[in-house]
């Protein structure tokens, strides 16, 4: 055994690590040392992947506070309400105070698009009132997207019983009595609920020195879903409770329908107070930028470690919003000119601050706004324009034929037969302008056709189904927007009738126009001339 092998054996026996062997070959020692030095310099230029940055607790507290403010999850005293919502907030506060403090009954419906802070304003004002009058009201929350009429009644009974037990923990209903509240027809259940509330009111007056009465606040999201053509029993009983219940009842509904009152039946409309609050919007870019500034500007808590970061952050936000050439203001302008949505601006800002571990990273991310650009571009991937760009030439040609047919039609609808006739005429007209050429390399007189193929009707039905799957066309009865309750009835009637209608004759609505297609279809396409009549 050589001397080197014996040293290696002794090292292994002693638990020592072996030295790294040098490269073989006759190389000068100076050359080896130079290479080692160069390698070490090359590695030191890049950070270690397994290196953990130093945890900055003050910055983490600052980042957490900023995210909570954007999501409106800070304590109620520190939660900001946008300035352009001030008047609506004051009106909601006045209605709730009249119901909770002055013990009056009211009903109101808030109308506005989704993401316009309807539910947020109601919840915020309830939290403010709960600080001083938390034991004077109970809240019942319903959602038209989650409840049917029967499940809504059961939910009302369950929430009322739970809230009453919270206010009076010493008194509980028996199991049989509790289950009996939510049983029976809608009218019977409401009678039991009213009897339950009246009983608790009488007991409160007898056992308490004060004359305070518990108010019931109903928060009804998507209230229009219960205003269909069928009997509106739930809404009738709710609004009837406002007039006849001995306890103060306040109903606050929210809807996206501008003409929500036209959906109500006469008996429901007669009991509704006809009070409708329309949610305001940012009227100009300055108001929209001001709302963005309010969302991102933080207030400094007392004696907090993150105050130095808050001061620097507020200065950065104000600087970039005042600078109309900054990348951040450019994103605000793009949002205002396209979506005009504060919630979307908030969501697009989350990738800017979320991954940052230091304030320097947050400052650089706010300066470039690369993550905001990526997020905004990603929002366009599910749009109709992106769907059109993914179509094949045959699918694009058939979509153009459908849009042209619907545009010519007074009702702006089309069916498969009409679309195929338009498609056939356009292909025939296109082929008539394409000259035929003779194959000169062939000894025969064969003519090579450069024409666009005209597909048979049976072969092209799958293209029509593809356009349906991409929601570029939808069945006439599937459109969600209804101008009135009568339109809802006719639409549901059409769905029933269309079940027996042949595939070729079903009417479809088109969700994209020729003008939009003219901007999407490239000018080099042979179908580009079809984008105008």
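Every number in this text was worked out from the coordinates using simple rules, so none of it is lab data. All values derive from a computational prediction rather than experimental measurement. Cβ: placed from backbone, ideal geometry, glycine included. Neighbour counts: every protein chain shown.
Results, tabulated for the structure shown:
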quantity: Ranked 302, 192, 283, criterion: other C-beta atoms within 10 Å, fewest first; calculated: 302, 283, 192
quantity: Efficiency of FRET from Cβ geometry, residue 515 and residue 458, R₀ 45 Å, rounded to 0.05; calculated: 0.90
quantity: In nm, spacing of pseudo-spin labels at residue 344 and residue 392 (7 Å Cα→C-beta vector); calculated: 3.2
quantity: Order of 117, 528, 84 under a 10 Å beta carbon neighbour criterion, fewest first; calculated: 528, 84, 117
quantity: Fewest-first sequence of 127, 63 by Cβ atoms within 10 Å of each Cβ; calculated: 127, 63
quantity: Residue 166 paired with residue 432, simple spin-label distance in nm, labels 7 Å along Cα-to-beta-carbon; calculated: 7.4
quantity: Relative contact order %, region 256-355, counting alpha carbon pairs below 8 Å whose residues are six or more apart; calculated: 22
quantity: Using a Förster distance of 45 Å, the FRET efficiency for residue 381-residue 266 (Cβ separation, nearest 0.05); calculated: 0.45
quantity: Gained length - residue 465 relative to residue 278, 0.36 nm times residue gap less alpha-carbon distance; calculated: 63.4 nm
quantity: Computed lengthening from residue 504 to residue 533, 0.36 nm per intervening residue step minus Cα-Cα distance; calculated: 8.0 nm
quantity: Computed over region 315-411: relative contact order in percent, which uses C-alpha pairs under 8 Å that are six or more apart; calculated: 22
quantity: Alpha-carbon centroid distance for the pair region 338-395 / region 115-138, whole angstrom; calculated: 33
quantity: Distance between modelled label sites at residue 131 and residue 158, nm, 7 Å Cα→Cβ extension; calculated: 3.3
